[in-house]
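Below: the structure, in structure tokens.
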Amino acid sequence: MLLITHLTMTQASTLFTVIDDLSFVVNPGDKVAIIGEEGNGKSSILKYIVGDESIQSYLEITGQMTNHFTQLAYLPQAMANEDLAKSLENYFFRGRDYADVDYQLLYQLGNQLDFDVDRIYDQQLVGDLSGGERIKLQLIDLLMDEPDLLLMDEPSNDLDVETSLWLEKFIQQSDLAMIYISHDELLLKRTASHILHIERLTNKSTARSTFVKDSYENYLTHRDQEMSNQENLANKQREEDQKRMAKFNRVHNSVGHQLNNTKDSTAGRLLAKKMKAVQSMDKRFERERAKFVDHPIKEAPIHIEFSNVNPLGKSQVVVHIDDGQVTIDDRILADNLQLTAKGQDKIGIVGPNGIGKTTFLRQLWHDLKDAKGLQTGYMPQQYSEEIPDDQTPIEFMTTTGDKEERTQIMTYLGSLRFLPEEMDQPIAYLSGGQKGKLILASLDLKGYNVLLLDEPTRNFSASSQQEIRTVFNDYPGAIITISHDRQFLKSVCDTVYELSSDGFKIVDHVNQW
């Protein structure tokens, strides 16, 4: 059992309460999904449980934790730089004796995750693996220690579709207790037994947390119904109060008028007594008003429009590849590539981890970024390729530096749910989702009519993902996107191609995922 009681986390620099008086319990076998918007402190909860002392440099923390699990494993959102610099062999066998490894379990996990475990003896650097291959390597490494509590921060972010399906089954069928952060709506719907929802209430400068034993879909349905009922009750109370106060004011004004104009002392005493009763009624109404149900507060999703785009014609050819290749150094990853994209096409690309999808998109970006007649924007999988960690969000968005532009940038960042304090702090302190929002905001403001997107929804909350799907579905330009987000592929892409070593082929079973 893991017991968290009265956990409160406050940002040391801004005194903003990120987690407010959170208490919950995790029992063996529970599957606890942590959900919430970008930057709401979800990863900090996992780091607190695992004992990561780095969070104490920017958070003031109070509360208690009791942990009766014996073997805890933690999959972070991003690998440490020192691990990325290791060879696969040095990473896997750090602290392990070659003779003590359970090779039957190792090969079983490798088969399940479609990862060739013979590669663990390679001198290839971990940092040279694709994002999905790194996730697979870490999962194998963690599961080899047979934990009884598994913490995972966005485990499906870089997994290919087939491995994402494996992860769903693994969570469903495993006896392990798990606490995981995910923005994958299908994964949440199919796996969670408990929901921990962290919300930021900016108008109250604090946070709200809700912990329930329920499925993801049931939780959202019940929550929406409760909020609707609360909103209806709050409106009804205020409407009835307005009618009551209108009647009260008429009585008050009538008695006051009579009292001011009477010359009869007896009538005056009676009117004064009546006015006292009216005033007493007013105080009773005030006491009742203080007990009214509040209007429910619900976090607003991000707001992006892409309203500055100069659309391309539907028949205009943006990309035409005939017998192309994907290569790294002298190694051919994929051959015989055939692909044509026109001005309004929305094309999705899937494929197994390590096949070269990101390399292909980078090659395409190199070819298109200066192409005449096109305005091409690029959202990389690793945000550090586009945004420097030492800049602030405002500095990153600034082009002219004048006061009017700064005001516009702050307004836009506010619509993306950045706090004023976050706009002026280094990007390094932002969550992955907040960094992703900066990339999207930059693409929006620059009015690109061709977008190359590498996993565009990977760090966004479920509500933000709904907004992103709507925005890109309505986007009046061409999109070529790598994605493992099945809901995104279904909603946005006209055609989905699978990349293999033999080239592209159309995926005709998207709706079966």
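The values are calculated or read from the model by the stated rules, or taken from the named source; none is laboratory data. A quick note: this is a predicted structure, and the numbers were derived from the prediction, not measured. Methodologically, a virtual Cβ is constructed for each residue, glycine included, from the backbone with ideal geometry; neighbour enumeration extends over all protein chains shown. Please note that ligands, DNA and RNA were not included when accessible areas were found on the heavy atoms of the full protein model with its side chains. Shrake-Rupley method; radii C 1.70, N 1.55, O 1.52, S 1.80 Å.
Data table
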read-out	value
Antiparallel DSSP beta bridges within the chain, percent to nearest 5	50 percent
Charge-dipole axis of the chain as Lys and Arg at +1 and Asp and Glu at -1 on Cβ define it, positive-most pick from SER13, SER415, ILE321	SER415
The stretch 370-447-the stretch 227-301 distance, computed between alpha-carbon centres (Å)	50 Å
For the stretch 244-401: accessible area per residue (Å², 1.4 Å)	61 Å²
Selected from ILE332, MET281, ILE304, residue furthest toward positive end of dipole (the stretch 251-390; charges at beta carbon)	MET281
Beta bridges per DSSP with both ends in the stretch 381-513, % antiparallel, nearest 5	45 percent
Heavy atoms of ILE49: accessible area, 1.4 Å probe, square angstrom to 10	10 Å²
Total formal charge among the other residues, if their Cβ is under 12 angstrom from that of PHE396, Lys/Arg +1 and Asp/Glu -1	-3
Karplus-derived HN-Hα couplings along the stretch 388-396 (A = 6.51, B = -1.76, C = 1.60, θ = phi - 60°), whole Hz, x at Gly and Pro	x, 5, 8, 8, 8, x, 5, 4, 5
Cross-link partners of LYS236 among lysines (Cα-Cα below 16 Å; sequence separation of 8 or more within a chain)	LYS291
Under 5 Å, built H, 5+ apart or other chain: amide partners of TYR497	GLY348, ILE349, VAL350, VAL507
Estimated [θ] at 222 nm from DSSP helical runs (n ≥ 4, -39500 (n - 2.57)) normalised by residues in the chain, nearest 500	-12500 deg cm²/dmol
Candidate lysines for bridging to LYS346, where Cα separation is under 19 Å - those fewer than 8 sequence places away on the same chain excluded	LYS314, LYS357, LYS369, LYS490, LYS505
Sulfur and carbon atoms: percent of accessible area, the chain [1.4 Å]	46 percent
Rounded D (µm²/s) - the stretch 148-295, Kirkwood Rh over Cα pairs, Stokes-Einstein at 4 °C, 1.567 mPa s	62 µm²/s
TRP365 accessible area, assembled protein chains, probe 1.4 Å, Å²	50 Å²
Prolate/oblate/rounded call for the stretch 134-178, Cα gyration tensor, a/c under 1.5 rounded	oblate
Anchor LYS273: lysines whose Cα lies under 23 Å away (excluding residues fewer than 8 positions away in-chain)	LYS247, LYS263, LYS283
P(r) weight above 20 Å for the stretch 382-502, C-alpha pairs, percent	47 percent
Net dipole in debye of the stretch 420-504 [+1 Lys, Arg Cβ; -1 Asp, Glu Cβ; about Cα centre; nearest 20]	80 debye
